[in-house]
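The values are calculated or read from the model by the stated rules, or taken from the named source; none is laboratory data. Note that the structure is predicted; figures quoted are calculated from it, not measured. Reconstructed Cβ throughout: ideal geometry from the backbone, glycine too, with neighbour counts over all protein chains shown.
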Amino acid sequence: MALIVQKYGGTSVANPERIKKVAQRVARFHAQGHQVVVVVSAMSGETDRLIRLAREIHARPDERELDVMVSTGEQVTIALTAMAIQQEGIPARSYTGSQVRILTDNAHTKARILDIDAARLRADLDAGFVVVVAGFQGVTDRGDITTLGRGGSDTTGVAIAAALRADECQIYTDVDGVYTTDPRIVPQARRLSTVTFEEMLEMASLGSKVLQTRSVEFAGKYRVKLRVLSSFTESDNDGTLITFEEQSPMEQPIISGIAFNRDEAKLSLLGVPDRPGIAHAILSPVGAAHVDVDMIIQNIGVDGSTDFSFTVHRNDYNKTLDLLTHTIKPQTGAREVRGDNRICKVSIVGVGMRSHAGVASQMFQTLANEGINIQMISTSEIKISVVIDEKYMELAVRALHKTFGLDGEDSPNKG
Ligand code: ADP
Ligand code: ASP
Ligand code: MG
């Protein structure tokens, strides 16, 4: 008998028919003698709908109130899922994040889980119940409802698996695993039967939304056995397992995956005096405005001045552009402010890069052959990211996918 946490995303609980399918899968696992905790998202599109509704009332809704509202999406699906499981003849009970007591900090709309009280869940499981928990939501020590950021149900699933020391956390979605890149963009993308934890963490944080980044961090910290699977196909494969052991260098492909992210924007300050403290003078007001900076480039100074560029989340573009124009430019004596919110970041990821030289030049040559200009570059031991014009994103991803030998047959198992 194993204890399994199964997380079902929005498309997997999109309507009553899909919810019944979830209940049937849960029933099969239960019949095999396993204890099952189910974590569900809101029905697909519901969280977006609720956010739009709030914006019809207020252009920038209060985040505490937004959390009270968007968390209702998951409250609907836990009850429906519990009913569907009961319909299968299995006792089931649903819990909101607050009922479980998934304790978070008070950073509304992007809260972090601090602690999970597993006692009630464990007692129910021991009494033979299937437990259904709302993803994406928690509660502060003052009793306020919080949410964990978009895609946060993945993190609920893994955190509950960690708290219960589950044997496995299964993430059921609309694709049958983690692919070499988003199969919706590159039909030749291939499913990876395993991917290392380090690679998955990079791919998630660089834009592959199949898993929320924090869920991968949790899996790493608590060594949760994490697997991505399809809820749509009665698949003959085991999805993708996130592994903690690396393959031998001989077996390891150089590049395992390609990620992309359209959510960034680039800002530049031209003609900034080239003196100690200038990076701090530019970035500390940005940090104080709660804007996270991703990539940063400063050119070598010529004639006592330099150019400074950085990227931020696209949602923070206007706010940061205002700050640069009205505060930072006059404060630093810069000549000009420029902004571009039509960029994207494309990244190649692979632990195999460690033992291979020339990967970067291969990447740059591929982009050059397609006539794509690189605006910014950043590298780490296992990834290379470039910022390019958004309109070349798909072309870049497809070309790199081919160059690094990732193209496979068009798979029939994609959502
Ligand atoms: P869910 O609602 O189940 O949480 P998501 O939409 O959040 O599902 O995540 C699944 C989607 O992630 C897929 O439909 C796919 O388009 C996208 N995706 C992006 N990158 C990848 C990748 N490398 N492998 C698989 N899916 C990916
Ligand atoms: N329902 C939330 C969202 O749409 C959480 C999730 O699906 O993981 O972001
Ligand atoms: Mg998701």
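A few remarks follow.
- Qualifying position, being under 13 Å from the mean Cα position of the chain (by Cα), of a type in the set (Asp, Glu), outside any loop (DSSP other than H, G, I, E, B) and farther than 30 Å from residue 98 by Cα, among 198, 217, 202: 202
- Residues that are farther than 15 Å from residue 170 by Cβ, away from ligand 3 (no atom under 16 Å from the Cβ) and crowded, with 18+ Cβ neighbours inside 10 Å within region 1-20 comprise just one, 19.
- Of the criteria (1) within 16 Å of ligand 2 (Cβ to nearest atom); (2) of a type in the set (Lys, Arg); (3) more than 30 Å from residue 391 (Cβ to Cβ); (4) surrounded by fewer than 17 Cβ atoms within 10 Å (Cβ to Cβ), which one residue 221 fails: (1)
- Counting only strands (runs of 3 or more DSSP E) that fall entirely inside region 297-382 and contain at least 1 residues that are of a type in the set (S, T, N, Q), under 30 Å from residue 208 (Cβ atoms) and touching a residue at least 60 places away in the same chain (Cβ under 8 Å), the qualifying elements are 305-313, 343-349, 376-380.
- Any hit, region 329-342, residues being within 28 Å of the chain's Cα centre (by Cα) and within 30 Å of residue 178 (Cβ to Cβ): yes
- Tally of residues being in a loop (DSSP other than H, G, I, E, B) and either within 16 Å of ligand 2 (Cβ to nearest atom) or without any contact (Cβ under 8 Å) to a residue 40 or more places away in the chain (or both) across region 1-51: 12
- Residues that are in contact with a strand residue (DSSP E or B) (Cβ under 8 Å, 6 or more places away or on another chain) and over 22 Å from residue 206 (Cα atoms), drawn from region 266-297: 269, 270, 271, 272, 273, 274, 278, 279, 282
For every residue, the table says whether it meets (1) over 22 Å from residue 107 (Cα atoms); (2) within 12 Å of ligand 1 (Cβ to nearest atom).
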| site | (1), (2) |
| --- | --- |
| 20 | yes, no |
| 42 | no, yes |
| 53 | no, no |
| 62 | no, no |
| 67 | no, no |
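- Annotation note: Cβ proximity below 8 Å between a residue of region 137-152 that is under 17 Å from residue 72 (Cβ atoms) and away from ligand 2 (no atom under 14 Å from the Cβ) and a residue that is of a type outside the set (A, V, I, L, M) and part of a loop (DSSP other than H, G, I, E, B) (sequence gap 6+ or interchain) occurs for 139/101; 144/106; 144/108.
- Residue in region 21-41 that is modelled with pLDDT of 95 or more, crowded, with 17+ Cβ neighbours inside 10 Å, over 27 Å from the mean Cα position of the chain (by Cα) and of a type in the set (A, V, I, L, M) present: yes
- Meets criteria (among the small types (Gly, Ala, Ser), under 19 Å from the mean Cα position of the chain (by Cα) and farther than 30 Å from residue 27 by Cα) for residue 257: yes
- Checking the stated criteria, residue 383 turns out to be surrounded by 15 or more Cβ atoms within 10 Å (Cβ to Cβ), at negative phi and of a type in the set (Lys, Arg).
- Residues of region 149-170 that turn out to be under 18 Å from residue 230 (Cβ atoms) and touching a helix residue (DSSP H, G or I) at 6+ places or on another chain (Cβ under 6 Å), as a count: 2
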